[in-house]
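Visitor: Here you go, one structure.
The values are calculated or read from the model by the stated rules, or taken from the named source; none is laboratory data. Everything numeric in this text was worked out from a predicted model, so none of it was measured. Positions of Cβ are generated from backbone atoms using ideal geometry, with glycine treated the same way; all protein chains shown enter the neighbour counts. We work out accessible area using only protein heavy atoms, side chains counted, and drop any ligands, DNA or RNA first. Shrake-Rupley method; radii C 1.70, N 1.55, O 1.52, S 1.80 Å.
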Amino acid sequence: MIRIADIPLNQIRRPLPRQTDPAKVETLMASIAEIGLQEPIDVLEVEGSYYGFSGCHRYEAHQRLGKETIKCRVRRAPRAVLQRHLA
């Protein structure tokens, strides 16, 4: 089951390093500041912890805007699913 929730940025672990395009982040920052986030990022909830593997530009834009939370599409998963994402 998937739910939509506002999750604090400091509770989302980003275990895989990602390269972001600074211009794309700037564009998203302007859009988010004007109209808000239109598409939630996807996170896995594993044993009460949140893991983000996509949405890196949206995540960084929220950080740079000083936002405390981000709208997420949350999917609960067992540790085995998390391990597959980390492989």
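Visitor: Filter segment 1-15 for residues that are closer than 14 Å to residue 62 by Cβ and among the hydrophobic types (A, V, I, L, M, F, W, C) and give the result.
Guide: Matches in segment 1-15: 7, 9, 12.
Visitor: Can you name every residue in segment 70-87 that is open to solvent by less than 60 Å² (accessible area, probe 1.4 Å) and either at pLDDT below 90 or of a type in the set (Val, Ile, Thr) (or both)?
Guide: 70, 74, 81
Visitor: So, of the residues in segment 22-54 that are surrounded by 11 or more Cβ atoms within 10 Å (Cβ to Cβ) and among the acidic types (Asp, Glu), which turns out to be farthest from the chain's Cα centre (by Cα)?
Guide: 26
Visitor: Mind listing whichever residues of segment 55-74 are more than 8 Å from the chain's Cα centre (by Cα) and at positive phi?
Guide: Listed by number, the list holds a single entry, 66.
Visitor: Could you count how many residues in segment 39-54 are over 22 Å from residue 23 (Cβ atoms) and touching a strand residue (DSSP E or B) at 6+ places or on another chain (Cβ under 7 Å)?
Guide: Final tally of qualifying residues: 8.
Visitor: Another question, then. Check residue 18 against each of (1) open to solvent by 60 Å² or more (accessible area, probe 1.4 Å); (2) within 11 Å of residue 59 (Cβ to Cβ); (3) modelled with pLDDT of 95 or more and name the one condition it does not meet.
Guide: (3)
Visitor: Being surrounded by 14 or more Cβ atoms within 10 Å (Cβ to Cβ), over 16 Å from residue 15 (Cβ atoms) and out of contact with any strand residue (DSSP E or B) (no Cβ under 7 Å at 6 or more places or on another chain): is that true of residue 57 here?
Guide: Yes: the conditions hold for residue 57.
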